[in-house]
Amino acid sequence: MNTLAPEMTRHRGGATAADLARGGSFGETVGDVTAAEPRMVCREVNVWYGDKHAIKDVSLDIGKNEVVAMIGPSGCGKSTFLRCLNRMNDTIDGCRVTGSIQLDGEEIYARGRDPVPLRAQVGMVFQKPNPFPKSIYENVAYGPRIHGLTNSRAELDALVETSLRKAGLWNEVKDRLDQPGTGLSGGQQQRLCIARTIAVSPEVILMDEPCSALDPIATAIIEELIDELRENYSIAIVTHSMQQAARVSQRTAYFHLGDLIEVGETNEIFTNPRHRLTEDYITGRFG
């Protein structure tokens, strides 16, 4: 595997390993952080939890109709960065975010911008399925109701059915829509959560390790669904499974200690990484 020439891997400002251990930066990201048709554009994003510098000058685009996989060892900042994209970090005391994050050219952290409608535009699917303690129907109908997306029960019924179909769940639940969503299997619950996200017509879907609590069969179904959803949405997924990243994504971003080390076409990242840290991680030398 190729590695960068010494001048390309030198740390910004001549940082030593000891400096980095104290929270310094690894330098500029290797690879092209831009996308041809970006839905989200992130530039020099920094995140602090109190005095802890969790994300350091990260720039990355999320492109139209693509899946971007974020990989890296535990604690590297990938989930923290993902949560910046729909302002989920706003709910954490002491969290501070700087830099620019734009959705369709508009700053999502602009003063006075309401994060509630933003979270409809940029939906989140969490690691553990979290259906509401409501019926299957009401789980999907909840978002459209509070956002006023339908004008009649017939429209709402159609939207619920369409969302469940897109999530690959309709045929399994169409005869028991009034039963609790919490009574479904783990894989079905996760697809219900995806249907709930789709129902409010998002532009971007964020997925934080969506298959980590699922068995291999359910995981395969979710991965197939992700590939189908890409036709209509932009998707950013955090995963600890490099095999999953290779299967579902078009671009991969490798994080390490809060830095975005390398980003590129998924096939290139896994077969010919340019940065030694990326190579060490995907070959199992650490992580």
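Data for the structure
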| item | result |
| --- | --- |
| Subset of segment 147-164 that is surrounded by fewer than 15 Cβ atoms within 10 Å (Cβ to Cβ) and not hydroxyl-bearing (Ser, Thr, Tyr) - its residue that is nearest to the chain's Cα centre (by Cα) | His147 |
| Residue in segment 101-118 that is on the phi < 0 side of the Ramachandran plot, touching a residue at least 24 places away in the same chain (Cβ under 8 Å), touching a Ser or Thr at 6+ places or on another chain (Cβ under 7 Å) and not charged (D, E, K, R) present | no |
| Evaluation of Lys134 against (1) touching a His at 6+ places or on another chain (Cβ under 9 Å); (2) over 30 Å from Glu37 (Cα atoms); (3) not polar (S, T, N, Q) (one fails), failing number | (1) |
| Any hit, segment 118-141, residues being in contact with a helix residue (DSSP H, G or I) (Cβ under 9 Å, 6 or more places away or on another chain), of a type in the set (D, E, K, R) and modelled with pLDDT of 95 or more | yes |
| Output for segment 91-112, where each listed residue is surrounded by 13 or more Cβ atoms within 10 Å (Cβ to Cβ) and either within 19 Å of Pro202 (Cβ to Cβ) or touching a Pro at 6+ places or on another chain (Cβ under 8 Å) (or both) | Ile101, Gln102, Leu103, Ile108, Tyr109 |
| Matching entry among Leu177, Leu156 (being more than 27 Å from Met70 (Cα to Cα), part of a loop (DSSP other than H, G, I, E, B) and not basic (Lys, Arg)) | Leu177 |
| Matching helices (runs of 4 or more DSSP H) fully within segment 228-287 where at least 3 residues are modelled with pLDDT under 95 and in contact with a strand residue (DSSP E or B) (Cβ under 7 Å, 6 or more places away or on another chain) | none |
| Lone qualifier among Gln189, Gln250 - being under 19 Å from Val33 (Cα atoms), touching a helix residue (DSSP H, G or I) at 6+ places or on another chain (Cβ under 7 Å) and polar (S, T, N, Q) | Gln250 |
| Single condition Ile55 does not satisfy, out of (1) closer than 17 Å to Met207 by Cα; (2) in contact with a helix residue (DSSP H, G or I) (Cβ under 7 Å, 6 or more places away or on another chain) | (1) |
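Conditions (1) in contact with a strand residue (DSSP E or B) (Cβ under 9 Å, 6 or more places away or on another chain); (2) among the aromatic types (Phe, Trp, Tyr); (3) surrounded by fewer than 21 Cβ atoms within 10 Å (Cβ to Cβ), marked per residue:
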site	(1), (2), (3)
Arg145	no, no, yes
Gly168	no, no, yes
Asn171	no, no, yes
Asp178	yes, no, yes
Gly183	no, no, yes
Arg196	yes, no, no
Asp208	yes, no, yes
Ile217	no, no, yes
Ala220	no, no, yes
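The values are calculated or read from the model by the stated rules, or taken from the named source; none is laboratory data. Given the structure is predicted, the values throughout are model-derived calculations rather than measurements. Positions of Cβ are backbone-derived with ideal geometry, glycine not excepted, and every protein chain shown enters the neighbour counts.
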